[in-house]
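S.K.: Below you'll find the structure I mean.
The values are calculated or read from the model by the stated rules, or taken from the named source; none is laboratory data. Quantities reported herein were computed from a predicted structural model and do not represent experimental measurements. When we count neighbours, we look across all protein chains shown, and the Cβ atoms used for this are built from the backbone with ideal geometry, even at glycine. Side chains included, ligands, DNA and RNA excluded: accessible areas come from the protein's heavy atoms. Shrake-Rupley method; radii C 1.70, N 1.55, O 1.52, S 1.80 Å.
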Amino acid sequence: AELDLPKGPVHRLLAELNALGWVEQDAETERYRLTLKLALLGQQHLRSTGLPGVAQPILDEVAKRCRELVRLTVVQGDCLYWVASSQGAPTGLMYQPALNGQLTLHTTANGKAWLATLEDDEASRIAVKGGLGTHAVPGHLVGPKALRDVDGLIRELAQTRSRGFGLAIEEAEQGVKAIAVAVRAHDDQRVLGTMSIAGPLVRLSPDRDADLYALLLQAAGTLGLVWPRENVTVFKESQ
(Lines give C-alpha, C1' and ligand atoms only; values in the text may rest on other atoms or scores of the structure.)
Protein backbone atom coordinates (compact mmCIF):
# COMPACT_ATOMS: atom_id res chain seq x y z
CA ALA A 1 0.00 0.00 0.00
CA GLU A 2 2.83 2.43 0.84
CA LEU A 3 4.47 1.74 -2.54
CA ASP A 4 1.12 2.07 -4.35
CA LEU A 5 1.73 -1.22 -6.17
CA PRO A 6 -0.74 -4.00 -7.06
CA LYS A 7 -0.82 -6.84 -4.53
CA GLY A 8 -0.25 -9.57 -7.13
CA PRO A 9 3.17 -8.42 -8.42
CA VAL A 10 4.32 -7.61 -4.90
CA HIS A 11 3.36 -11.10 -3.74
CA ARG A 12 5.31 -12.65 -6.63
CA LEU A 13 8.33 -10.50 -5.76
CA LEU A 14 8.14 -11.59 -2.11
CA ALA A 15 7.85 -15.21 -3.17
CA GLU A 16 11.02 -14.84 -5.26
CA LEU A 17 12.87 -13.10 -2.40
CA ASN A 18 11.73 -15.87 -0.10
CA ALA A 19 13.05 -18.53 -2.48
CA LEU A 20 16.40 -16.73 -2.65
CA GLY A 21 16.63 -16.49 1.13
CA TRP A 22 16.37 -12.70 1.48
CA VAL A 23 13.02 -12.76 3.29
CA GLU A 24 11.07 -15.32 5.27
CA GLN A 25 7.38 -15.71 6.06
CA ASP A 26 6.02 -16.32 9.54
CA ALA A 27 3.99 -19.52 9.48
CA GLU A 28 1.38 -18.22 11.93
CA THR A 29 0.91 -14.56 10.94
CA GLU A 30 1.94 -14.99 7.27
CA ARG A 31 3.85 -11.72 7.59
CA TYR A 32 7.18 -11.34 5.79
CA ARG A 33 10.42 -10.18 7.40
CA LEU A 34 14.04 -9.80 6.34
CA THR A 35 16.42 -12.66 7.04
CA LEU A 36 19.97 -12.17 8.29
CA LYS A 37 21.32 -12.63 4.76
CA LEU A 38 21.30 -8.90 4.01
CA ALA A 39 22.97 -8.03 7.32
CA LEU A 40 25.64 -10.68 6.79
CA LEU A 41 26.29 -9.40 3.28
CA GLY A 42 26.73 -5.89 4.68
CA GLN A 43 29.16 -7.12 7.32
CA GLN A 44 31.13 -9.01 4.69
CA HIS A 45 31.40 -5.88 2.54
CA LEU A 46 32.44 -3.74 5.50
CA ARG A 47 35.19 -6.21 6.43
CA SER A 48 36.38 -6.24 2.83
CA THR A 49 37.07 -2.49 2.98
CA GLY A 50 39.65 -3.09 5.71
CA LEU A 51 38.21 -0.32 7.88
CA PRO A 52 37.15 -2.40 10.92
CA GLY A 53 40.56 -4.07 11.10
CA VAL A 54 42.51 -0.81 11.32
CA ALA A 55 39.93 1.17 13.31
CA GLN A 56 39.08 -1.25 16.10
CA PRO A 57 42.48 -1.24 17.86
CA ILE A 58 42.44 2.57 17.86
CA LEU A 59 38.92 2.68 19.30
CA ASP A 60 39.86 0.08 21.92
CA GLU A 61 42.86 2.13 23.05
CA VAL A 62 40.79 5.30 23.37
CA ALA A 63 38.08 3.43 25.29
CA LYS A 64 40.69 1.96 27.62
CA ARG A 65 42.12 5.40 28.38
CA CYS A 66 38.86 7.31 28.82
CA ARG A 67 36.84 4.41 30.32
CA GLU A 68 33.74 5.40 28.34
CA LEU A 69 31.98 4.41 25.12
CA VAL A 70 33.89 5.29 21.95
CA ARG A 71 32.19 5.21 18.54
CA LEU A 72 33.10 5.75 14.91
CA THR A 73 30.91 6.90 12.03
CA VAL A 74 31.42 7.24 8.28
CA VAL A 75 30.00 9.86 5.94
CA GLN A 76 27.75 8.66 3.14
CA GLY A 77 25.89 11.28 1.15
CA ASP A 78 23.97 13.51 3.55
CA CYS A 79 24.19 11.05 6.45
CA LEU A 80 26.48 9.60 9.07
CA TYR A 81 26.36 5.89 9.83
CA TRP A 82 27.75 3.97 12.80
CA VAL A 83 30.43 1.46 11.83
CA ALA A 84 32.33 0.53 15.00
CA SER A 85 32.48 1.04 18.75
CA SER A 86 34.41 0.08 21.88
CA GLN A 87 33.16 0.07 25.46
CA GLY A 88 35.65 1.14 28.08
CA ALA A 89 33.29 1.80 30.98
CA PRO A 90 33.45 -0.50 33.99
CA THR A 91 30.46 -2.65 34.86
CA GLY A 92 27.73 -0.76 36.65
CA LEU A 93 26.75 2.63 35.30
CA MET A 94 27.36 2.06 31.59
CA TYR A 95 26.06 3.78 28.45
CA GLN A 96 25.63 1.20 25.70
CA PRO A 97 23.08 2.20 23.03
CA ALA A 98 22.33 0.16 19.94
CA LEU A 99 24.25 1.22 16.84
CA ASN A 100 21.21 1.32 14.57
CA GLY A 101 21.53 2.93 11.17
CA GLN A 102 22.11 6.62 10.60
CA LEU A 103 22.39 9.35 13.21
CA THR A 104 20.10 12.22 14.07
CA LEU A 105 22.58 14.92 13.14
CA HIS A 106 21.32 18.01 14.99
CA THR A 107 21.02 16.24 18.36
CA THR A 108 24.31 14.33 18.46
CA ALA A 109 27.92 15.34 19.02
CA ASN A 110 28.96 13.32 15.98
CA GLY A 111 26.37 15.06 13.82
CA LYS A 112 27.43 18.52 14.98
CA ALA A 113 31.13 17.72 14.48
CA TRP A 114 30.40 16.81 10.86
CA LEU A 115 27.90 19.61 10.12
CA ALA A 116 30.44 22.12 11.45
CA THR A 117 32.79 21.17 8.60
CA LEU A 118 30.17 22.33 6.07
CA GLU A 119 28.91 25.77 5.08
CA ASP A 120 25.96 26.92 7.21
CA ASP A 121 23.45 26.75 4.35
CA GLU A 122 24.43 23.20 3.47
CA ALA A 123 24.51 22.10 7.11
CA SER A 124 21.06 23.61 7.70
CA ARG A 125 19.61 21.91 4.63
CA ILE A 126 20.90 18.52 5.75
CA ALA A 127 19.74 19.01 9.35
CA VAL A 128 16.23 20.05 8.28
CA LYS A 129 16.10 17.05 5.97
CA GLY A 130 17.01 14.92 8.99
CA GLY A 131 14.22 16.28 11.18
CA LEU A 132 15.34 19.63 12.61
CA GLY A 133 12.32 21.83 13.27
CA THR A 134 9.80 19.02 13.03
CA HIS A 135 8.12 16.80 15.57
CA ALA A 136 10.10 13.81 16.83
CA VAL A 137 10.30 11.04 14.25
CA PRO A 138 10.23 7.39 15.37
CA GLY A 139 13.77 6.04 15.45
CA HIS A 140 15.36 9.49 15.76
CA LEU A 141 17.15 10.40 18.97
CA VAL A 142 15.72 13.65 20.34
CA GLY A 143 16.36 14.47 23.99
CA PRO A 144 14.97 17.15 26.27
CA LYS A 145 17.58 19.76 25.32
CA ALA A 146 17.64 19.18 21.56
CA LEU A 147 18.01 22.06 19.13
CA ARG A 148 14.65 23.16 17.73
CA ASP A 149 15.39 25.50 14.82
CA VAL A 150 17.94 26.52 12.19
CA ASP A 151 19.02 29.67 14.02
CA GLY A 152 19.95 27.59 17.06
CA LEU A 153 21.83 25.15 14.87
CA ILE A 154 23.90 27.90 13.21
CA ARG A 155 24.86 29.33 16.61
CA GLU A 156 25.80 25.85 17.83
CA LEU A 157 27.92 25.13 14.76
CA ALA A 158 29.81 28.39 15.26
CA GLN A 159 30.60 27.33 18.82
CA THR A 160 31.60 23.86 17.59
CA ARG A 161 34.10 25.33 15.13
CA SER A 162 35.46 27.65 17.81
CA ARG A 163 36.09 24.96 20.44
CA GLY A 164 37.08 22.24 17.94
CA PHE A 165 34.63 19.51 18.93
CA GLY A 166 30.93 18.71 18.79
CA LEU A 167 29.13 18.66 22.11
CA ALA A 168 25.73 17.18 23.00
CA ILE A 169 24.42 17.33 26.56
CA GLU A 170 21.07 15.57 26.96
CA GLU A 171 20.19 16.52 23.39
CA ALA A 172 19.90 12.99 22.06
CA GLU A 173 19.13 11.15 25.31
CA GLN A 174 18.40 12.28 28.83
CA GLY A 175 21.34 11.95 31.22
CA VAL A 176 23.88 11.39 28.42
CA LYS A 177 26.75 13.60 27.25
CA ALA A 178 29.01 13.15 24.23
CA ILE A 179 31.85 14.98 22.52
CA ALA A 180 33.07 14.26 18.99
CA VAL A 181 35.59 15.31 16.37
CA ALA A 182 35.77 14.92 12.60
CA VAL A 183 38.05 12.30 11.09
CA ARG A 184 39.85 13.63 8.01
CA ALA A 185 41.93 11.94 5.33
CA HIS A 186 45.59 12.72 5.92
CA ASP A 187 46.38 13.67 2.33
CA ASP A 188 43.55 16.01 1.30
CA GLN A 189 41.73 16.63 4.61
CA ARG A 190 38.47 15.24 3.24
CA VAL A 191 36.04 14.44 6.07
CA LEU A 192 35.68 10.66 6.26
CA GLY A 193 33.57 10.39 9.39
CA THR A 194 33.52 11.27 13.07
CA MET A 195 34.69 9.78 16.34
CA SER A 196 33.07 10.32 19.73
CA ILE A 197 33.24 9.61 23.45
CA ALA A 198 29.92 9.30 25.26
CA GLY A 199 28.75 8.38 28.71
CA PRO A 200 26.56 9.30 31.68
CA LEU A 201 26.44 13.03 32.32
CA VAL A 202 27.37 12.51 35.97
CA ARG A 203 30.76 11.11 34.88
CA LEU A 204 31.52 13.46 32.00
CA SER A 205 31.98 16.70 33.90
CA PRO A 206 33.17 19.83 32.02
CA ASP A 207 36.64 19.55 33.53
CA ARG A 208 37.17 16.36 31.48
CA ASP A 209 36.37 18.01 28.14
CA ALA A 210 39.91 19.18 27.36
CA ASP A 211 41.47 15.77 28.05
CA LEU A 212 38.80 13.90 26.10
CA TYR A 213 39.13 16.30 23.18
CA ALA A 214 42.91 15.82 23.09
CA LEU A 215 42.44 12.05 23.18
CA LEU A 216 39.93 12.13 20.32
CA LEU A 217 42.03 14.51 18.26
CA GLN A 218 45.08 12.25 18.49
CA ALA A 219 43.06 9.15 17.62
CA ALA A 220 41.31 10.87 14.72
CA GLY A 221 44.68 11.88 13.33
CA THR A 222 45.86 8.30 13.48
CA LEU A 223 42.68 7.08 11.81
CA GLY A 224 43.16 9.60 9.02
CA LEU A 225 46.61 8.14 8.39
CA VAL A 226 45.62 4.46 8.34
CA TRP A 227 42.13 4.73 6.81
CA PRO A 228 42.10 2.30 3.84
CA ARG A 229 42.41 4.10 0.52
CA GLU A 230 39.89 1.73 -1.09
CA ASN A 231 37.38 2.72 1.59
CA VAL A 232 37.88 6.41 0.90
CA THR A 233 37.19 5.78 -2.79
CA VAL A 234 34.05 3.73 -2.11
CA PHE A 235 32.51 6.35 0.15
CA LYS A 236 33.46 9.22 -2.15
CA GLU A 237 31.83 7.54 -5.13
CA SER A 238 28.69 6.75 -3.13
CA GLN A 239 28.23 10.44 -2.35
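S.K.: At a 1.4 Å probe, what is the % contribution of carbon and sulfur to the accessible area of the chain?
M.R.: Here carbon and sulfur together make up 55 percent of the probe-accessible area.
S.K.: Could you give each residue of segment 142-155 its phi-based ³J(HN,Hα) in whole Hz, using Karplus coefficients 6.51, -1.76, 1.60 with θ = phi - 60°, and x for Gly or Pro?
M.R.: In residue order, the calculated couplings are 9, x, x, 10, 5, 4, 10, 8, 5, 4, x, 5, 4, 4 Hz.
S.K.: Now for a separate question. What do you get for the angle between helix 51-66 and the principal long axis of the chain? Use alpha-carbon atoms, 0 to 90 degrees, nearest ten.
M.R.: Tilt relative to the chain: about 40 degrees.
S.K.: Suppose each label sits 7 Å from its Cα in the direction of the beta carbon; what would the Val226-Ala98 distance come out to in nanometres?
M.R.: It is 3.1 nm.
S.K.: With θ set to phi - 60° and the Karplus curve 6.51 cos²θ - 1.76 cosθ + 1.60, what are the ³J(HN,Hα) couplings of segment 156-161 in order, to the nearest whole Hz, using x for Gly and Pro?
M.R.: Taking θ as phi minus 60°, the curve returns 5, 5, 5, 5, 4, 5 Hz for segment 156-161.
S.K.: HN-Hα J couplings of segment 190-195 from phi, Karplus 6.51/-1.76/1.60, θ = phi - 60°, integer Hz, Gly and Pro as x?
M.R.: 5, 6, 9, x, 9, 9
S.K.: Taking springs between alpha-carbon atoms closer than 10 angstrom, which of Val70, Val176, Val23 fluctuates most in the Gaussian network model of the chain?
M.R.: Maximum fluctuation in the GNM of the chain, among the listed residues, is at Val23.
S.K.: So, one more: Looking at segment 66-203 from every direction and averaging, what is the projected area of its Cα convex hull in nm²?
M.R.: 8.2 nm²
S.K.: What size of dipole, in debye to the nearest 20, comes out for the chain about its Cα centre when the only charges are +1 on Lys and Arg C-beta atoms and -1 on Asp and Glu C-beta atoms?
M.R.: 460 debye
S.K.: If you don't mind, another one. Provide the convex hull volume over Cα atoms per residue for the chain, in Å³.
M.R.: 166 Å³
S.K.: Kindly report the accessible area of the chain per residue (heavy atoms of protein chains, probe 1.4 Å, no ligands, DNA or RNA), in Å².
M.R.: 56 Å²
S.K.: Calculate, in nm to one decimal, what Ala19 and Asp120 gain on full extension: separation in residues at 0.36 nm each, minus their alpha carbon distance.
M.R.: Full-extension gain reported as 31.5 nm.
S.K.: Can you give me the angle between helix 7-20 and the longest principal axis of the chain, using Cα atoms only, in degrees from 0 to 90, rounded to the nearest 10?
M.R.: It works out to around 70 degrees.
S.K.: Quote the relative contact order of segment 50-90 in percent (integer), defining contacts as alpha-carbon pairs under 8 Å separated by 6+ residues.
M.R.: With pairs under 8 Å counted, the relative contact order is 42 percent.
S.K.: While we're here: At 222 nm, what value in deg cm²/dmol follows for the chain if DSSP H runs of at least 4 each add -39500 (n - 2.57) and the sum is divided by all its residues, to the nearest 500?
M.R.: Value at 222 nm, helices only: -13500 deg cm²/dmol.
S.K.: Picking from Val191, Leu99, Cys66, whose Cα lies most toward the positive end of the charge dipole for the chain (charges on Cβ: Lys, Arg +1; Asp, Glu -1)?
M.R.: Working it through, the farthest residue towards the positive pole turns out to be Cys66.
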